[in-house]
Amino acid sequence: MPKWLQLNNGNSIAIYDKPFASGGEGSLFSIQSGQDAGRIVVKIYNPDKRSQLRQKKIEYVIKNPPLHLDSNGHPYIIWPKNIVYENGKFIGFTMPMALGEKLEFLCHPKLPKKLSSTWSRFSFSEDGIQKLRLKICYNIAVAIHHLHQNGNYVLTDLKPDNIIIQPTGLISIIDTDSVSVNAKD
């Protein structure tokens with residue numbers, strides 16, 4: 001049975017009953033149908049993490065995104081898009097879906113066996129691995145630069161678990177709702 005939620009733009013969305021991921025602050029849900037299904041997800045905060053202050057912060061970051069969030073349609077900064085309400089009460093936000101694997105798997109000497117063969121190019125035994133890994137570092141640095149460029153935000157939770165990587169070397173920084181706001185206005 002779908003759960004219907006309202007967005008700050010006046011639209012309604014249906015999400016699946018069960019989250020596909022959970023963390024200390026909340027859970028991530030897929031959108032059940034419509035043009036955003038598979039491209040946008042919903043983060044619903046745990047009840048004890050919902051507050052007026054958090055709502056104000058999310059409203060601010062939605063109205064004041066970094067100058068560059070994506071490149072050629074690939075979101076390298078996963079940024080909140082819309083506030084989500086249930087029965088008129090703030091519960092979370094929508095954001096683009098980050099596709100890939102957590103960068104954390106590249107922090108180990110051997111690749112996890114669960115990964116498909118498309119990830120074998122990241123093995124230390126492959127030719128050109130240094131160049132490929134430098135490309136990833138460059139992509140991360142560019143994303144962080146764009147996030148900090150206007151001086152409004154400081155990324156405070158940067159870690160391999162919060163960077164999603166694709167087999168092509170494209171990255172997406174996730175959990176950006178935890179940025180510190182350094183608003184000038």
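Overview of results
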| item | result |
| --- | --- |
| Lys pairs, region 56-185 - Cα-Cα below 14 angstrom, 8 or more residues apart or on other chains | 8 |
| Selection from M97, L53, G24, by position along the positive dipole direction of region 2-114 (Cβ) | G24 |
| Rg/Rg_ref, region 1-106, where Rg_ref = 2.2 N^0.38 Å and atoms are Cα | 1.07 |
| Probe 1.4 Å, protein heavy atoms only - accessible area per residue of the chain in square angstrom | 57 Å² |
| Spherically averaged projected area in nm², based on the convex hull that wraps the Cα atoms of region 1-59 | 4.5 nm² |
| Net +/- balance of residues flanking W119 in space, Cβ distance below 14 Å, scoring K and R +1, D and E -1 | +3 |
| Separation between Cα centres of region 95-134 and region 1-36, rounded to whole Å | 29 Å |
| Positive dipole terminus of region 1-128, leading residue within H74, L106, G88 (C-beta point charges) | G88 |
| Share of carbon and sulfur in the accessible heavy-atom surface of region 31-185 [1.4 Å probe, %] | 53 percent |
| Cβ charges +1 (Lys, Arg) and -1 (Asp, Glu), total dipole of region 42-111, debye | 260 debye |
| Student exercise, region 1-97 dipole from Lys, Arg, Asp, Glu Cβ charges, in Debye to nearest 20 | 220 debye |
| Listed values [x] 83, 51, 29; [y] 55, 44, 31; [z] 40, 35, 27, entry calculated as Cα extents along the principal axes in Å | [y] |
| Global form of region 81-165, assessed from the alpha-carbon gyration tensor, a/c cut-off 1.5 | oblate |
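The values are calculated or read from the model by the stated rules, or taken from the named source; none is laboratory data. What you see is a predicted model, and the numbers here were worked out from it, not measured in a lab. When we count neighbours, we look across all protein chains shown, and the Cβ atoms used for this are built from the backbone with ideal geometry, even at glycine. Ligands, DNA and RNA are stripped out before the accessible areas are found, and what is left, the full protein with its side chains, is counted by its heavy atoms. Shrake-Rupley method; radii C 1.70, N 1.55, O 1.52, S 1.80 Å.
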